[in-house]
Structures are given as structure tokens and as C-alpha cells.
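The values are calculated or read from the model by the stated rules, or taken from the named source; none is laboratory data. None of these values were measured; they are calculated from a predicted model. Note that each Cβ is placed from the backbone with ideal geometry, even for glycine, and that neighbours are counted across all protein chains shown. SASA here: full protein model, heavy atoms, side chains in, ligands and nucleic acids out. Shrake-Rupley method; radii C 1.70, N 1.55, O 1.52, S 1.80 Å.
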Amino acid sequence: SMAMQAQKMRWAWGRLCLLLSLLLQLPGSQAKCYFQAKAPCEYEGKQFSLGESWLSTNCLLCTCLHPIGVGCCETTQHPIDFPDWCEAHYDTQTCQISVVQKANPSLPCVKSVEHEWGSASTPEPL
């Protein structure tokens, strides 16, 4: 019924808004969200229904907002404050960003002797 459809729609929007607000509250995060109007709720041959979410290969968390489209948010935190002798290294396998030394990318960028930071799993220092 139409009433049922409208209720599902509100639930999906509410869920997306909640999702967006949670993602945007990550400390130090610069999470970007995208909305594709009329995008099909289909990914890698799998069909999704209203309110369902999936993780895309480029680490976006997407939610089906059928019939209006698809909303996707970045799931990784982008470090924004690190020394210029370091660079952010993006690992598409783990969806993690780590900050490494430009001169030697196998070494983490260390801000202070005892504090390594920059990966999505470790909170940034305040």
C-alpha cells in the first residue's frame, strides 16, 4: 500500500540521516557523502532493496533509497594534519588510511616519539 511505502521511505531517510550524522561525527574525519538520484540499487550484480546497505570496492558505504536513488558515504577518516615530510597512504584492501614517511613509506609517520597515529583505527591526538 501507499502508506506502507511512505513509511518505509521515511524509515530509509531516517536511517540515512542517522548514518550520515554518525559518519560525520568521527573525530577529525572529513567524511564525504554522495547522493545519486535515480541510481539503481544494484551493485556487482546483486539487487538491494530500500534501506539495505553495502560496502563498495572503493570503500564507500552505500544505502539504497529506492526509488529516489542511492546515498554513499566514505567510511575512512582522512587525516588532515600531519607534517609535510609524511603522506597519507590509502589501502583499498582494508579501507584504511595510514600516514607514512615520504622518504620511506614502510615507516609510519610519528608525530612524537611515543605516539603513532593516522590510521583509521587509532584516534587522532587532540
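Tell me the strands (runs of 3 or more DSSP E) entirely within region 1-67 that contain at least 2 residues that are modelled with pLDDT under 85 and open to solvent by 40 Å² or more (accessible area, probe 1.4 Å).
Details: elements: 33-37, 53-55, 60-65.
Strands (runs of 3 or more DSSP E) meeting the threshold: none at all.
The set of residues in region 97-126 being within 25 Å of W54 (Cβ to Cβ) and modelled with pLDDT of 80 or more consists of I97, S98. Of all positions in region 77-88, at least one carries a residue that is surrounded by 20 or more Cβ atoms within 10 Å (Cβ to Cβ), at pLDDT 90 or above and more than 18 Å from A39 (Cβ to Cβ).
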